[in-house]
Amino acid sequence: MVGRTEVLAESGSQKSDTSAIDAQERTAAGSVEDRTRGRSDLREGSARALALYDERFKALLEPDHIGGVVAIHPESGDFAIGKNSPGARRALRQRHREGMIVTMSIGPDRPDPTLDRLLGGQS
């Protein structure tokens, strides 16, 4: 976002038409770079949170909290549990005001109930 903010500030100054077009092109390029960087950060943070869950939290949480939700702060490795995603996120956000929080269900993945309904209707 910093790059985009700088470009927008530049395009607001008194410049020739050519400079305004250049600034618009840089703004568009900066937006794409920001989105690409944001997706990359999201993927990295999610992968880190999943690794933390598998390596540290799974054995700790699954015996007693199956069906609950864990919120993980990938930067610090801290976590909070809750009955639902908003509750777990709020509990963790009280301790970590900044940074990404990843939430996930505690326990094994549940199969899609649609498949059970489809298979149950067959004879």
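Any read-out appearing in this document is the output of simple, stated calculations on the displayed coordinates, not a laboratory observation. From a predicted model like this one, the values you see are computed outputs, not experimental measurements. Heads up, the Cβs are rebuilt from the backbone with ideal geometry, glycines too, and the neighbour counts pull from every protein chain shown.
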Query raised in the report: In segment 53-67, what residues are surrounded by fewer than 19 Cβ atoms within 10 Å (Cβ to Cβ), within 19 Å of the chain's Cα centre (by Cα) and within 12 Å of S105 (Cα to Cα)?
Result: none
Query - Near pairs, Cβ below 7 angstrom, 6+ apart or cross-chain, from segment 44-55 (under 11 Å from I72 (Cα atoms) and free of Cβ contacts under 8 Å to residues at least 12 places away in the same chain) to any residue that is of a type outside the set (A, V, I, L, M, F, W, C) and surrounded by fewer than 15 Cβ atoms within 10 Å (Cβ to Cβ) - result: none
Report summary line: Residue pairs qualifying under the 8 Å Cβ cut-off, at least six apart or on distinct chains, with the first in segment 65-83 being basic (K, R) and the second being surrounded by 19 or more Cβ atoms within 10 Å (Cβ to Cβ), are K83/V69
